[in-house]
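What follows is a set of notes on a single structure, which appears directly below.
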Amino acid sequence: MKRGGILHPELLAVIARLGHTDRLVIADSGLPIPPSVTRIDLALVAGVPSFLQTLEAVLHELAVEGAVVAEEMGTRSPHVLDGVRRLLGAVPLTFVPHEAFKAQLPAARAVVRTGEQTPYANIILIAGVTF
């Protein structure tokens, strides 16, 4: 049995398969996910798991060199943006309009759907390398 970290087997498998510059999306429960993209649905009930809990768990498993969020996160959900910045640390963060964010979804390897119900609590993580 795995000792700790992410225990969800499908999420672990996706993270293990990511290569440099591949994209993984962590999403609130309302983000429209293109049918062509793998959906990893973690949503249990409203708010569980939260977007920030899920982001923190993924960041412990994945080397990330950049991230993308919607510009609207800063005005509509500033507490979420504060949490994102805290968790990302020095990882560069790019802001795009929400429609441009959604246009990038088909290029993602997977979208992880959380139980989060806060507007614009979505992020595209760009996989880095460990060397």
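Assorted remarks:
- Flag if Gly47 is exposed (fewer than 12 other Cβ atoms within 10 Å of the Cβ), more than 13 Å from the chain's Cα centre (by Cα) and not polar (S, T, N, Q): no
- Just one of the listed residues (Leu55, Leu81) is touching a Leu at 6+ places or on another chain (Cβ under 6 Å) and buried (at least 16 other Cβ atoms within 10 Å of the Cβ), namely Leu55.
- Residues in the range 39-82 that are of a type outside the set (Asp, Glu) and in a loop (DSSP other than H, G, I, E, B): Leu42, Ala43, Leu44, Ala46, Gly47, Pro49, Ser50, His60, Leu62, Ala63, Ser77.
- Check on Leu55, of a type in the set (A, V, I, L, M, F, W, C) and within 14 Å of the chain's Cα centre (by Cα): yes
- Any hit, the range 16-28, residues being in a loop (DSSP other than H, G, I, E, B), exposed (fewer than 14 other Cβ atoms within 10 Å of the Cβ), at positive phi and not small (Gly, Ala, Ser): yes
- Look at the range 35-64: where a residue is at positive phi and a partner is polar (S, T, N, Q), sitting 6+ places away or on another chain with Cβ atoms under 8 Å, you get Gly47/Gln117.
- Residue count, the range 91-119 (criterion: surrounded by 16 or more Cβ atoms within 10 Å (Cβ to Cβ), of a type in the set (Gly, Ala, Ser) and not in a loop (DSSP other than H, G, I, E, B)): 1
- Listed by first and then second residue, the pairs linking a residue in the range 102-119 that is farther than 10 Å from Pro34 by Cα to a residue that is of a type in the set (Asp, Glu) and part of a helix (DSSP H, G or I), with Cβ atoms under 8 Å apart and 6 or more places separating them unless they lie on different chains, are Pro119/Glu72.
- Residues satisfying the stated conditions in the range 86-101, i.e. within 16 Å of Glu72 (Cα to Cα) and either more than 13 Å from the chain's Cα centre (by Cα) or in contact (Cβ under 8 Å) with a residue 60 or more places away in the chain (or both): Thr94, Phe95, Val96, Pro97, His98, Glu99, Ala100
None of the figures in this text is laboratory data; all of them are computed from the coordinates on show. Just so it is clear, the structure is predicted and the values come from calculations on it, not from any experiment. Cβ sites come from the backbone with ideal geometry, for glycine too, and all protein chains shown count toward neighbours.
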